Amino acid sequence: MKTTPLSRRTFLRGAVGGTAVALALPTLEAMLGARGAEAASTGPIFGIFFWGGGLPWHDGHGAPQAGHPDLWTPSTTGKDYAPSELLAPLAPFQPSVVTGLTPHTAVPDTPPGQSDGHMRGFMVSMTGDRVRPEGFDHPSHTLTALRPTLDQYVAKHPAFYGPESPRFRSLILGASTARFHDYGHWNAISYNGPDDLNPPILDPGQLYDLLFGVAADTAGLKRRALLLDAVMEDAKSLSSRVGAADKQRIEAHLEHLNAVKNRLDFSGEACAPPGKPAPNEDLLAKTEIMGSLLASALACNMTRVFSFMLSSPATTHVFSNLGVPNDFHATVHEGTWEHARAGIMYQMQAFAAFLGRLQAVVEPTGGTLLDRALVFGLSEYGEGYQHSVAEMPCVLAGGANGKIRRNVHVRDPGGNYSKAHVTMLRGVGLETPSFGWNGGETSEAFGDILV
Amino acid sequence: MVQRRPHPGRSRARWLGFSAAIAVFGASLTACVGVIGDADEDTTEQESLVLAAPALPRLTAAQYRNTLVELFGASMPKAPLEDDTKPFLFYNIGASSTTLSEFGVQQYEESADAITRHAFADPARRAAFVGCEPAAPGDSCVEGFLRRFGRRVFRRPLTNEEVSRWVSVSQTLADPSAWEGLRLAVSGLVQSPHFLYRVEVGAPDDASPERRKLTGYEMATRLSFLLWNQGPDDALLDAAEKGELDKPEGIAAAAERLLDDPRARSAMQAFFRQYLDLGRLDGIQRDPAAYPYFTPTIKDAMRREVEMLVEDVVFESRGDARSIFSTRKTFVNADLAALYGIEAPGATVDTFVPVELPADGPRAGILTLGAFLTMNAHETRTSPTARGKYVRERVFCLEVPAPPPGVDTTLDPPMGEPKTVREQMEAHRTNPACAACHTFMDPPGFLFEHFDSSGYYRTVFEGNLPIDSSGDLDGKPLANARELATVLETEPRVGRCMVQQLYRHAQGRIETKGERLALEDLASRFAGASFDFRTLLIELVTHDAFRYIGEEESP
């Protein structure tokens, strides 16, 4: 594990040692230095757009699912493919898509239930590995990841940001508050590692305050930052008194304190804030609002990594606006195909609205945020009726600074899902000899998409 | 790059313990009931109590708030905190195993800043809070307060090093005044991991080197978080200081005092909410056109009803705790009285009144009340499987494993003429792959078929089809939910399940194999006390398994 220097300054620590060192604030200000506006960045942006419920099932998913048309796979492959019904909303953004992918990662027989598409498909597409077998419990749906999800893999990769990380290594956002369970995997998609989730910010007001809510009292913010040095001293004394597993949790807490401290140091230097949004619980409208705020943050280089959970894995969102009476998890389970079609189509419209916010921002270079970004669109399985992990969706939207060829359809029936991971990681400039674990390892990328 | 591996030593013990517990409590089960665990699992009887290594629970959001409201007053600002997780039903288990996110840490910082600003903003309020007026940064007023207040926050006296650290902070950051320095020091204390995490180190036990005895302060913390869902008060810390919590008698006396306090009631309600999985009510939606009794206020009423019933059994009547599954007594507001079709004089939307459900009616016990019936049903139809699964898992603590890979887990959608849920589920019985588990879950679930997805009693299905609520439990035929309630009145597994769930909640983890004797012991003491829940709590907190911890395994 990477060790983060806890403090660049030692004077408070000196005070702790017994010799009280009282410093007047102007001196502190001088020590902190004035950090100018966030430096303009031209580096690639990596994002994840996740929707719950997979795709409407069709013959390609298995025998029990047969009898319905495939509304996802485009009828042609290669450059400038003919968009399918469900990809049509995304067509203005010219996303590349890979169809036919499936997990190659093996799961053990015990504890039982790890092959459940919700869990296996989710983990493989988000992490390249399986669910952690230890402690997995299908009946109570208790599960965790073995590895960081792709957003965190990128955000913490030493080569992605280099030495100067922005104000947020990543922003973890979402829209629907419906949850299959009120814990863990079922209301968050971003993991740092086992039992270490990043719950998404679902409230536009909260996101606005995080990004643009700057306290007028900047000297007060500096004092709050300095206070965290003492808190970290306390944490260190605790860390030496607990066992190995808990020490890891305390060390993560310390790292987070350090990040929060740095943020307090840099507060008061934000870009011109957009207007504060009004609350809106309509899923599509909320996606646009969150997308707008995110675009503002990306445009002023507050971060270059995000994930957006439109709806959670196995979402229980009720699309009553579409005339779908049951929650979406129950809807797909019950085999109500037309309702599944309506719910997925609506989620694709939300995906389009989201990409539209990134495309709307034209940067000083003349390109848009979407030109600079690679947005990975995915769901937790191929379809929810039988939880099939065949034919999982995989969208690569945006140009990644010209490293991703746009508007290409690659068809790879039964292909290893981690080929998409290798493609994307290389696309955002990370050297990736191979990716995937436990049978899912691959060094292959999709050459038709990766420039 | 950060790459975390599963906890090497301890997690294995934790999860193996989980499987062992199922093996113990599931001794007489059918093949369907899973024993989840590693292949090398050894199920031989344990000779003696082997204690688990301590967990390091972070305070849950409720524990954080309850504790600070006690210290800062009810007007304290309530900033948002990261949601707790609850693997295996309990927030305490999530608090012992999950890592807080970066944003969660930021929320702690913002919360501490908001709370202390509020507490120190008004000169009269801050003077009352601190009890003296600092004349200079870090003076005796400041130091005295940090010592006194720090003891409550850290749940033990501060070390001299800690005192000097926080006094220094109050001096260094005393801009523009000594008050501001003190405010920031207080803000630092409530952001300290010594407040946010419950540290248990214990002291060596001369009699048995493989275990450590929790110190008085650690016992005070355990007792208080279990029985009050918040940190200890001064009286409890004083008891710890005097050594009163080093002996079971002293612990019992302290626990009795805590249990006499209203704070114990909400703490026990919180336990029962988790054990009974009432959080699932939150996500429930019903179309008012289809379910006219499902008013906007009824979900809260359903939860409140169970809480009041639990409170009555545990604290008021102190009856057999298992009777929550069979009693005809309940508490209704106007919404629930309408749903149940009963008279409840004095009930309004906001006022609950005690009622006796009709002796010849269909309802008795919480499995016939709104909460259970609603949260274990779909929006447009009931789910005998979900209801039966709840009976197995939540009431009996049995494990129903996942369907085997490749099994079609869906029902044929209704086509053509209307079919009852039972008819749709016929495949569960006739398809051998389904039958293995569904014959375990569905038959008790069918007993509730007279109650629709909102808990309303119906006499016919849609389309005038007759209702058949017959089912069975472990092969014993039953006609309906009332008959099941009668069985549950004396069912031994119900009491043991309560003990197991309380134990998990109290320990913040799954019981280990080495603790099975403790569970057996507690279950028999519970039975010996005619299933008085308050007695069970006293037995638990004075038990060796609660007072000692094992040595931390080396990785």
- Considering only residues that are modelled with pLDDT under 70, of a type in the set (A, V, I, L, M, F, W, C) and in a loop (DSSP other than H, G, I, E, B), look in segment B:382-440 and name the one that is surrounded by the most Cβ atoms within 10 Å (Cβ to Cβ). B:402
- Out of all the residues in segment B:128-146, is one or more within 33 Å of the chain's Cα centre (by Cα), more than 10 Å from chain A (Cβ to nearest Cβ), charged (D, E, K, R) and farther than 19 Å from residue A:235 by Cβ? no
- Taking interchain pairs and intrachain pairs at least six residues apart, which have beta carbon atoms under 9 angstrom, with the first residue in segment B:66-79 and assigned to a loop (DSSP other than H, G, I, E, B) and the second of a type in the set (S, T, N, Q)? B:77/B:111; B:78/B:111; B:79/B:107; B:79/B:111
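Which of the following residues is surrounded by 20 or more Cβ atoms within 10 Å (Cβ to Cβ), assigned by TED's automatic domain parsing to the domain that holds residue A:160 and within 18 Å of residue A:55 (Cα to Cα): A:306, A:319?
A:319
Of the residues A:134, A:164, only one is surrounded by fewer than 24 Cβ atoms within 10 Å (Cβ to Cβ), more than 14 Å from residue A:380 (Cα to Cα), charged (D, E, K, R) and more than 7 Å from chain B (Cβ to nearest Cβ); which?
A:164
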- Out of all the residues in segment A:104-125, is one or more out of contact with any Asp or Glu (no Cβ under 6 Å at 6 or more places or on another chain), of a type in the set (Phe, Trp, Tyr) and either surrounded by fewer than 23 Cβ atoms within 10 Å (Cβ to Cβ) or not in a loop (DSSP other than H, G, I, E, B) (or both)? no
- Can you pull out the residues in segment B:184-218 that are polar (S, T, N, Q) and away from chain A (no Cβ under 13 Å)? B:208
- Query: Of B:214, B:184, B:223, B:196, which residue is farther than 30 Å from residue B:543 by Cβ and crowded, with 20+ Cβ neighbours inside 10 Å?
  - Reply: B:184
- Task: Considering each of A:231, A:214 in turn, give the residue that is more than 19 Å from the chain's Cα centre (by Cα) and more than 7 Å from chain B (Cβ to nearest Cβ).
- Result: A:214
- Across segment B:150-180, what is the number of residues that are more than 27 Å from residue A:217 (Cα to Cα) and surrounded by 15 or more Cβ atoms within 10 Å (Cβ to Cβ)? 12
- What are the residues in segment A:197-224 that are under 25 Å from residue A:173 (Cβ atoms) and among the hydrophobic types (A, V, I, L, M, F, W, C), if any? A:197, A:201, A:202, A:207, A:210, A:211, A:212, A:214, A:215, A:221
- Is it true that some residue in segment A:325-339 is without any contact (Cβ under 8 Å) to a residue 12 or more places away in the chain, assigned to a loop (DSSP other than H, G, I, E, B) and charged (D, E, K, R)? yes
- Mind checking whether some residue in segment A:169-188 is at the interface with chain B (Cβ under 8 Å from one of its Cβ atoms), at negative phi and among the acidic types (Asp, Glu)? yes
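Does residue A:292 qualify as being closer than 17 Å to residue A:175 by Cβ, modelled with pLDDT of 95 or more and in contact with a Gly (Cβ under 7 Å, 6 or more places away or on another chain)?
Against the criterion (closer than 17 Å to residue A:175 by Cβ, modelled with pLDDT of 95 or more and in contact with a Gly (Cβ under 7 Å, 6 or more places away or on another chain)), residue A:292 does not qualify.
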- Note on the structure: Out of (1) in contact with a strand residue (DSSP E or B) (Cβ under 8 Å, 6 or more places away or on another chain); (2) of a type outside the set (D, E, K, R); (3) surrounded by fewer than 21 Cβ atoms within 10 Å (Cβ to Cβ), the one residue A:244 does not meet is (1)
- Sort out which residues of segment B:520-530 are surrounded by 20 or more Cβ atoms within 10 Å (Cβ to Cβ) and either aliphatic (A, V, I, L, M) or not in a helix (DSSP H, G or I) (or both), and write them in order of number. B:522, B:523
- Item | Test: residue A:205 is assigned by TED's automatic domain parsing to the domain that holds residue A:286 and surrounded by fewer than 21 Cβ atoms within 10 Å (Cβ to Cβ) | yes
- Please state which of the following conditions residue B:99 fails to meet, knowing it meets all the rest: (1) outside any loop (DSSP other than H, G, I, E, B); (2) touching an Asp or Glu at 6+ places or on another chain (Cβ under 8 Å). (1)
- Query: Only one of (1) facing chain B (nearest Cβ under 9 Å); (2) outside any strand (DSSP E or B); (3) surrounded by 23 or more Cβ atoms within 10 Å (Cβ to Cβ) fails for residue A:197. Which number is that?
  - Reply: (2)
- Just checking, which of A:252, A:259, A:245 is touching a Phe, Trp or Tyr at 6+ places or on another chain (Cβ under 9 Å) and modelled with pLDDT under 95? A:259
- For segment B:258-273, indicate whether the set of residues that are over 24 Å from residue B:535 (Cα atoms) and surrounded by 18 or more Cβ atoms within 10 Å (Cβ to Cβ) is non-empty. no
- Task: Scan segment A:237-255 and give yes if some residue there is of a type outside the set (Gly, Ala, Ser), more than 8 Å from chain B (Cβ to nearest Cβ) and either under 18 Å from residue B:173 (Cα atoms) or assigned to a loop (DSSP other than H, G, I, E, B) (or both), otherwise no.
- Result: no
- Is at least one residue of segment B:457-479 assigned by TED's automatic domain parsing to the domain that holds residue B:361, buried (at least 22 other Cβ atoms within 10 Å of the Cβ) and touching a helix residue (DSSP H, G or I) at 6+ places or on another chain (Cβ under 7 Å)? yes
- If you go through segment B:81-100 one residue at a time, do you hit one that is within 12 Å of chain A (Cβ to nearest Cβ), more than 21 Å from residue B:275 (Cα to Cα) and touching a residue at least 40 places away in the same chain (Cβ under 8 Å)? yes
- Query: In this structure, is residue B:320 without any contact (Cβ under 8 Å) to a residue 12 or more places away in the chain and either over 26 Å from the mean Cα position of the chain (by Cα) or away from every other protein chain (no Cβ under 14 Å) (or both)?
  - Reply: no
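The values are calculated or read from the model by the stated rules, or taken from the named source; none is laboratory data. Computed from a predicted model, the values in this text were never measured in an experiment. A quick note on method: Cβ atoms are made from the backbone with ideal geometry, for glycine too, and the neighbour counts reach across all protein chains shown.
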